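Report on the following structure.
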Amino acid sequence: MRFFVTSLIGFMLLALPAQANTKDFVSTFTLENGMEVVVIEDHRAPVVTQMVWYRAGSADEWPGTSGVAHFLEHLLFKATDKMESGEFSATVARNGGRDNAFTSYDYTAYFQRVAADRLELMMQMESDRMVNIRLTEADILTEREVIIEERNQRTENNPGALFNEQKRAAQYLNHRYGVPVIGWRHEMEALDLDAALAYYKRFYAPNNAILVVAGDVEPEAVKALAEKYYAVLPANPELGKRARPSEPPQTAERRMVFRDARVAQPYVSRSYLAPERDSGAQKDAAALTLLAELLGGGTTSYMAEKLQFETQKAVYTSAYYDGDSLDDTSFALIVVPAKGVSLAEAEEAMDDVLVSYIERGVDAEALARIKMQLRASQIYARDNVGALANLYGQALAIGLTVEDVQAWPDVLQAVTADDIIAAAKRVFKVESSVTGYLMTPKGDAS
């Protein structure tokens, strides 16, 4: 099991959306209990991926129970009415497949990849644990220690992760995006059976779920199996509309310094509140996606050219934007200063680059090159049916539609240089930013 959280690695490994025009291979339908189903046909190999996505992640947790979404993800591999603890994954492995799960701010997903003739067995087991999980106090004690140790390894032992956690908390004062997916440690230590079951009973229901089946399957056969195993499950009539605490307008810049003796390389990072990708209105997100690549998408980007090669004030630069969220997201920048350059100097150089980029405008050749690379990546994406399953599942979990997914490549290609500069001007406002310094206790920020 794993959870997603923004980290330095996330900034360094920019992952642009990659999808192909799969319109002719995608079928959709909705079961009577409200469960959405997406079928992606790919008959090149006799394998299938089943994914069940719940429209519930860490940002849907109740105050005081941070980490319960990820905690429950672990607990769903325990016993049900029909299976012993651990039997789910053991059965998948015994049938030559693999399975896992992951939790994010906006969703929790479970998947299996198996031979196509094992799909019915996967549906039987997955539908069982959607409503029939059986937890004990022993399960709670065991898995609580597991997730605490996971936090120790991934967050407590990583000053960069701790820094990003604090910076995100400074960015979101009221919205649950400011709370780490894995949870605050003091709240994780108090998670109990009641908290896990309350989250489970509220959100784990077919009318809050999306089934994605991708691979060597026929839509009608998938529909028959889905009706047999999922359609018989009762909807949760008390689910209600998805609602979260809203973030108040940010009207003042925020700054922070995080000091840790384990820091090997100090750096400056800034994030700005930015719009997410919305259904039927993806233009702004597309412009910001291209802006991130143009500014900080590798050694040919504008920030790298100016800061790493021309002035040699930085040894690494990056820009990152992820519009795939339900609510407002962020656009982030990182500058790792060269030897002898202070963090304050690095920040000033970063500001100069942003100003000069907006003044000069987008380089036409660079924009054409990135668009061509995007188009190529979208074509290559057709070779990975599991990635397509993830793409559609994530999109529907954050309020997008199949049509939005299929339109996205063309939306990206239609973005103009003027669109990108306009998006930059809207987002790069100091009053909606958080600037953070990661440094050693004896470091000098000036």
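Checking each residue of the range 80-89 against the condition of being surrounded by fewer than 23 Cβ atoms within 10 Å (Cβ to Cβ), within 30 Å of GLN406 (Cβ to Cβ), among the acidic types (Asp, Glu) and at pLDDT below 95 gives no match.
Answer yes if at least one residue in the range 243-253 is open to solvent by less than 40 Å² (accessible area, probe 1.4 Å) and either within 30 Å of ASP410 (Cα to Cα) or not in a loop (DSSP other than H, G, I, E, B) (or both), and no otherwise. No: the range 243-253 contains no residue that is open to solvent by less than 40 Å² (accessible area, probe 1.4 Å) and either within 30 Å of ASP410 (Cα to Cα) or not in a loop (DSSP other than H, G, I, E, B) (or both).
When the criteria are applied in full, LYS283 meets the requirement of being modelled with pLDDT of 95 or more, surrounded by fewer than 20 Cβ atoms within 10 Å (Cβ to Cβ) and of a type in the set (Lys, Arg). Residue count for the range 411-444 under the criterion of being open to solvent by less than 10 Å² (accessible area, probe 1.4 Å) and outside any helix (DSSP H, G or I): the result is 7.
For the range 91-101, check the following and say yes or no: at least one residue is touching a Phe, Trp or Tyr at 6+ places or on another chain (Cβ under 9 Å), of a type in the set (A, V, I, L, M) and open to solvent by less than 10 Å² (accessible area, probe 1.4 Å). Yes; the residues of the range 91-101 include at least one that is touching a Phe, Trp or Tyr at 6+ places or on another chain (Cβ under 9 Å), of a type in the set (A, V, I, L, M) and open to solvent by less than 10 Å² (accessible area, probe 1.4 Å).
Put simply, of ASP410, ASP363, ASP419 the only residue that is under 23 Å from the mean Cα position of the chain (by Cα) and of a type in the set (Asp, Glu) is ASP410.
Only residues that are over 20 Å from ALA397 (Cβ atoms), assigned to a helix (DSSP H, G or I) and open to solvent by 40 Å² or more (accessible area, probe 1.4 Å) were counted across the range 188-231, and they come to 9.
Screening the candidates ALA292, ALA261, ALA304, ALA319 for the property of being outside any helix (DSSP H, G or I) and either out of contact with any Pro (no Cβ under 7 Å at 6 or more places or on another chain) or among the aromatic types (Phe, Trp, Tyr) (or both) yields one hit, ALA319.
The values are calculated or read from the model by the stated rules, or taken from the named source; none is laboratory data. Because the structure is predicted, anything quoted here is derived from the model rather than measured. Virtual Cβ from ideal backbone geometry, glycine too; neighbours counted across all protein chains shown. Note: accessible area is taken over every heavy atom of the protein model, side chains too, but ligands, DNA and RNA are not part of it. Shrake-Rupley method; radii C 1.70, N 1.55, O 1.52, S 1.80 Å.
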